[in-house]
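Report on one structure; see the data block that follows.
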Amino acid sequence: MKKFDKGYIYSSLLSDLFSCLVIVFIFLEDFFFNDESNAEDIFAATPIFVIGFVIIYLCFIAYRILYYKTSGYELTEKEIKCNRGVLFRKRSVLDYKKVHAINKKQNIFHRIFGIAILTVDSGSTNTSHQAEITIIEKDKIVDALLNELNALKEGGAPSMESTEPKEELLLSDEDSLYRFTSGKKMLYTLINIASTAFFTALFAVLAIIVIGICKLMIQQNFLGTWGQYFLYAFLITVGAMLLFSIFSLIGCLIHSFVGYYKFNITKRGNDIQISYGLLEKHTNTFSYDRIKAVKITQGLVQRMLGFASINLEVIGYTVNSGDDDKNANLGVLVPFCKYDEIGEILGKVLPDYVPDKKQTKSISYFSFISWFTLILCIITGVVLLQAILPMLIFNVSSSVTGAVALAIVGLATIILAVKALSAILSYQNNGLAISNGKITAYYGGFTKNVTVFMSKNLIAAENVTTPLRQKAGITSLVMHLKTNALSNEVKVHIQDDKLAEEIEHILII
């Protein structure tokens, strides 16, 4: 059995060194930078901290060396084997024909030492939290293994030199089915900033209204005159928008330009490959027939401007976040595109998953808000009683009592208004399209979602209704897909109950 490359030890220890330094800084920041600390105390305590740091780092060194000595992999005629672990040793054996996805990860520490991590996943629900096989090798050897395993899972024969470097197949610009260009990244960033600013302004305005009602009812000048109050409120709102927008700008720029660096999609026969990343480079390869669903998402601002993102659910599509890499429920297919371009993009990459136009729609708006309104009214009544009764018992002034009551009712009204708007959007969004073995589900409120999946991947369906809705022929459909995700449900609300019979017929077939 071939051992992992020694570069694993060096790259891991370099990463551990930075982690230890950050941990020490966080825990000792208060001691070293405290006003009460003096130079003598710091000088006396420094050797103790250094010794503690060295002991912790030596534990990391011992763990990495033991992991290296107990880990390795082997490619046989029919399967791939892998051993790894220190305290809890794990031996994995995976038949080539059961490989769902092959993913390569290379972070900045791996690149310094010229290694990469290859994970191979079967998509089993019992191991959905991690990949079955993990291989740590030289970058070129990993590329060779990736190509070798892609051939083996299609029924090819293993090569005796499968771990030797092979000539890299370079792709021209025309081979990429989608490119996340700098212009798209900037637009993606601006839309995310607009979303942050919009919701910040919305909550700030709601807070101003509630505080203004209290000020009006109590008739106090603790917030200054009305002119001063609105000036301060306006400045605070603008400041909050700018502050959150700056954080959003920094985060989005890093995420789009660094996280999605050189993002492209290529297709070779039945295999689809997605590669991206600067500091941590990912290359995810999976077969077309391993895809279980495609999900199109539009946030509120994206929806108003006509943009969307496309995610896909592939069993075995992993995050690659450590030695035993956790599984991702949804992999990014297209981070950002125009909504009108979705059909064209999917037509090139996944022609079977182009969404159909909605054939059904919700048949009652009131059903989206009825239960929420009833529960909100009950909660508001209970809160009013708990707040007002003590005030009446202790003879609190009527102005203060009225202000509190009005604030509670006002807050409940605002919540109801937001829910009513969400219900309107849900009423417009929800629907289904069923044709040629494919189901397209439309759902969501402020965030519009479209999920496309094959009917063969539908494993269960629930018909959720109430006695009153049953009399009116109204139901909500909950469809369960064949996937190892934590949540494998697709919910379409307030539809004609005849749809439930059609879904049941699909399950029977």
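Derivation of every value follows stated rules applied to the coordinates shown; laboratory data play no part. Just so we're clear, the structure is a prediction, and the values are computed from it rather than from any experiment. Cβ: placed from backbone, ideal geometry, glycine included. Neighbour counts: every protein chain shown.
Rounded to the nearest 0.05, what FRET efficiency is calculated for residue 74 and residue 257 with R0 set to 51 Å and r the Cβ-Cβ distance? With a Förster radius of 51 Å, E is 0.80.
This model, with +1 at the C-beta of Lys and Arg and -1 at the C-beta of Asp and Glu, gives segment 60-119 a dipole about its Cα centre of some 180 debye. Within segment 46-117, how many lysine pairs that are 8 or more places apart, or on different chains, have C-alpha atoms less than 15 Å apart? Going through segment 46-117 pair by pair, I get 6.
For 14, 202, the sequence from fewest to most other C-beta atoms within 10 Å is 202, 14. When each of 283, 466 is scored by the number of other beta-carbon atoms lying within 10 Å, the sequence from fewest to most is 466, 283.
For the pair residue 40 and residue 65, label points projected 7 Å from Cα toward Cβ lie 4.1 nm apart.
Gyration tensor analysis over the Cα atoms of segment 366-427 returns equivalent ellipsoid semi-axes of 30, 12, 5 Å (largest first, whole Å). Taking all C-alpha pairs of segment 357-509, those more than 27 Å from each other amount to 40 percent.
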